[in-house]
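The values are calculated or read from the model by the stated rules, or taken from the named source; none is laboratory data. Keep in mind that this is a model prediction, so the values were computed, not measured. FYI the Cβ positions are ideal-geometry reconstructions off the backbone, even for glycines, and counts take in every protein chain you see.
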């Protein structure tokens, strides 16, 4: 996009960054440098064009994706077959919790899923699903604020009027929707326990604290929430009541009943470094609090299901929506890790990505590094913790 | 104020600080560490109680103060007598600009003053005026945001409902008023030059950039503004047009007519370190752009007038408002710097403050350090650049 000739980029960049910061588009540096400082998230100055039909398709597909995830999460056999064979201690420990609560009988009446389906756009403006996040799906608040930022930059640096902007920028209510879904879950839980509160399980040091805080603030007129790391939950600070209520110790030995547990941690092994984290994760799952997500929804989000679902026969077992074909078309092609797929990558390494099952990004391998990694994995028979697309 | 027993201060402090940051209550560290970072301004978690009558009095007195400043600014003899005797190079240089433009004939049809009168409250809840700022009066945006912050903390950490908060917290529109006054000045200037813009003269590195940016953003639907330091204005980047229009070079040699110059720099000698600053300050004053403030309004704000106005005979020459008595009562007692006032301080140093004429804070001397400073000043005959209260 071309800039109004009166402006120079140094001033514009500073203006946009400060506007972003004034909207709270920010993160905390980790390891934490200073609790009083926030840093501007890297954002584009102007929105990235996306064909309207692609955007609408993503919206239309989401209910089918939600249902697909739900069906996987309730199919014990499929979960077991797919996940138990993984040589991944993190998955094994989660699965262990899942099996324990399944045997005990699941205490919560409901579960809550807040999912984020990530896409890339191919050269024909087709959606290609990268992954579906079923736990700690982040940036709902930040993206809503980025929409405000982009309305500002389009207006004052591109000269668009409000009507033009309305036509070009979709309404973004992701923060409201996230907050409302947590409130809805709280109301389902607490129709007869209105003094209960929502627990955010968070990392001890969290970069995306502003994204999480905005959800808290949005909910605050309706429900109180508490943020706690596993470390803060330990030493008896959470316990189960006589009816498996989850009780959080707040202030001077007061017990606060928890209606909903919202996990913004526990999505990867790095979230479980504190020694008693796994015990606490199990305790939470055993409670009658509504979990966002439940252990089975978390398991259903593992990327290991993606290559399986790219097999149309398997896919059809889990998706019978009228738009099943459209959804299936967004799936990328997957390859099992084998000597033959290794050779295929060696010929055109820039066309592939090697992904880890774990959440949180940063574990992907690209380009020429893939072959070396594949060789290592084939030698050590580690192939099930990664997949190739 | 007592905190709800369910909360602990570590969580509350972090929550309040992040809420403040999400409202833009922030400053940039100077020297600039990183243009992408902002730091939370130090703010109280809860509002500081102030008797309603004191608040209303401050509001009621402001028009009289504005008029008082205006009358001083238009009294050439009083300005000259008071300021020319000061052994202060900064004042002398400002006065030189004032004399030059007075001799040439003042080109602007109007001037704009955005003043901030600072008070302390004595033990009987009486207002005591500390100073009146007539240039670069800061924090109008930040204080408006702090009001929002305090509404939040009162609601969620003190349990007040909206009605109670409305009764206890005054409506704060200081950002709107500041922006509107600049827009009004712009409209007065540009009834026949609607393509003109507002120039913010700023420091090269500015801690309070967010406070200034919020004014810009508030005005943006109505008038474009440009931020420039003296260094950026040099090398022909501002010039006078045939009718003394102030012309700012923007982009690729375009000349942008300036309607209003808003000084958020030029308030102390440290703002004039760049070599051609003084020439540029004169050029701006010679233009027909409306200055906020004009050179004479800046001069009228020097603290040197405070001790003079605490003489009721002089005060009455400049203030004949019905509330003159009330205004006069807010003035602190001033003492000229002399051997006898030095001895008075030596007996009770905690009851005094030694102030510098210059703006920007940080130049005050307190407690036992006053006597040493007074001795130094009496020896070097520097007494006119400071005063004792």
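Taking the conditions (1) free of Cβ contacts under 8 Å to residues at least 40 places away in the same chain; (2) more than 7 Å from every other protein chain (Cβ to nearest Cβ) in turn, residue B:6 satisfies each one other than (2). Name the single residue that is farthest from residue A:256 (Cα to Cα) among those in segment A:211-228 being facing chain B (nearest Cβ under 8 Å) and out of contact with any strand residue (DSSP E or B) (no Cβ under 8 Å at 6 or more places or on another chain). Only one residue tops the list, namely A:214.
As a summary of the residue check, residue B:234 satisfies the conditions (1) farther than 21 Å from residue B:108 by Cβ; (2) out of contact with any helix residue (DSSP H, G or I) (no Cβ under 9 Å at 6 or more places or on another chain); (3) more than 13 Å from every other protein chain (Cβ to nearest Cβ) except for the one numbered (2).
One residue is enough: does segment B:275-288 have a residue meeting the conditions out of contact with any strand residue (DSSP E or B) (no Cβ under 9 Å at 6 or more places or on another chain), within 23 Å of residue B:247 (Cβ to Cβ) and assigned to a loop (DSSP other than H, G, I, E, B)? Checked against the condition, which is being out of contact with any strand residue (DSSP E or B) (no Cβ under 9 Å at 6 or more places or on another chain), within 23 Å of residue B:247 (Cβ to Cβ) and assigned to a loop (DSSP other than H, G, I, E, B), segment B:275-288 yields at least one hit. Among the numbered conditions (1) assigned to a helix (DSSP H, G or I); (2) within 24 Å of residue B:120 (Cβ to Cβ), the only one that residue B:321 does not meet is (1).
Would you point out which residue out of A:63, A:42 is more than 8 Å from chain B (Cβ to nearest Cβ), within 22 Å of the chain's Cα centre (by Cα) and in contact (Cβ under 8 Å) with a residue 12 or more places away in the chain? Answer to the selection: A:63. Within segment A:45-60, if we keep just the residues that are surrounded by 14 or more Cβ atoms within 10 Å (Cβ to Cβ) and part of a loop (DSSP other than H, G, I, E, B), the residue that is nearest to the other protein chains (Cβ to nearest Cβ) turns out to be A:45. Note on segment A:324-343: residues that are touching a residue at least 12 places away in the same chain (Cβ under 8 Å) and part of a helix (DSSP H, G or I) amount to 9.
Number of residues in segment A:110-126 that are over 22 Å from residue A:177 (Cβ atoms) and assigned to a loop (DSSP other than H, G, I, E, B): the value is 5.
Let's see how each residue does on (1) under 16 Å from the mean Cα position of the chain (by Cα); (2) outside the structural domain of residue A:260 (by TED's automatic domain parsing):
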position: A:153; (1), (2): no, yes
position: A:162; (1), (2): no, yes
position: A:179; (1), (2): yes, no
position: A:182; (1), (2): yes, no
position: A:191; (1), (2): no, no
position: A:202; (1), (2): yes, no
position: A:211; (1), (2): yes, no
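Within segment A:168-200, take every residue that is more than 14 Å from chain B (Cβ to nearest Cβ) and not in a helix (DSSP H, G or I) and give me the one that is surrounded by the fewest Cβ atoms within 10 Å (Cβ to Cβ). So, considering only residues that are more than 14 Å from chain B (Cβ to nearest Cβ) and not in a helix (DSSP H, G or I), the one surrounded by the fewest Cβ atoms within 10 Å (Cβ to Cβ) is A:171. Within segment B:157-165, identify whether any single residue is touching a strand residue (DSSP E or B) at 6+ places or on another chain (Cβ under 7 Å) and part of a loop (DSSP other than H, G, I, E, B), and answer yes or no. Within segment B:157-165 (the criterion being touching a strand residue (DSSP E or B) at 6+ places or on another chain (Cβ under 7 Å) and part of a loop (DSSP other than H, G, I, E, B)), the answer is no, since none of the residues qualifies.
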